[in-house]
1. Under a Cβ-only charge scheme (Lys and Arg +1, Asp and Glu -1), can you give me the dipole magnitude of the chain about the Cα centre, in debye to the nearest 20?
2. Out of the total accessible area of the stretch 8-86 (probe 1.4 Å, heavy atoms of protein only), what percent is carbon and sulfur?
3. Please say if the chain is rounded, prolate or oblate, where rounded means a/c under 1.5 for a ≥ b ≥ c the square roots of the C-alpha gyration tensor eigenvalues, and otherwise the choice is prolate for a/b larger than b/c and oblate otherwise?
4. Which whole-number value in Å² is the accessible area per residue of the chain, probe 1.4 Å?
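The values are calculated or read from the model by the stated rules, or taken from the named source; none is laboratory data. Computed from a predicted structure; not experimentally measured. Note that we place each Cβ from the backbone using ideal geometry, even for glycine, and neighbour counts take in every protein chain shown. Only protein heavy atoms, including side chains, enter the accessible area calculation; ligands, DNA and RNA are left aside. Shrake-Rupley method; radii C 1.70, N 1.55, O 1.52, S 1.80 Å.
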Amino acid sequence: RNGCRSTRCLGSGVLDICYVATGRLDVVYAGVANEGWKPWDYCAANVIIEEAGGVMEALIDQKPDQDFDLYSKSILCATSKELLDE
């Protein structure tokens, strides 16, 4: 009922992650059409989101209870594990 109406790229993937970390956005994803980020972008994003209490997983090939792979080609980042699972 209150699902996603649209998405928008705000210019920088790590900026999107910062918006999730501050609560401006609930969820960010990338890599659906093989436009994944570079490992250094994932590394910066992982530090920022974990320090803010959020979670990051790969959209594709993420195994349960596995840490995020910096060489992944996709990302799903959310403010909480519950939201990420939804």
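1. Numbers: 8 positive and 14 negative charges, 87 e Å.
So the dipole magnitude of the chain works out to roughly 420 debye.
2. Roughly 51 percent, rounded to a whole number.
3. It comes out rounded by the Cα gyration axes.
4. I get 72 Å² per residue for this part.
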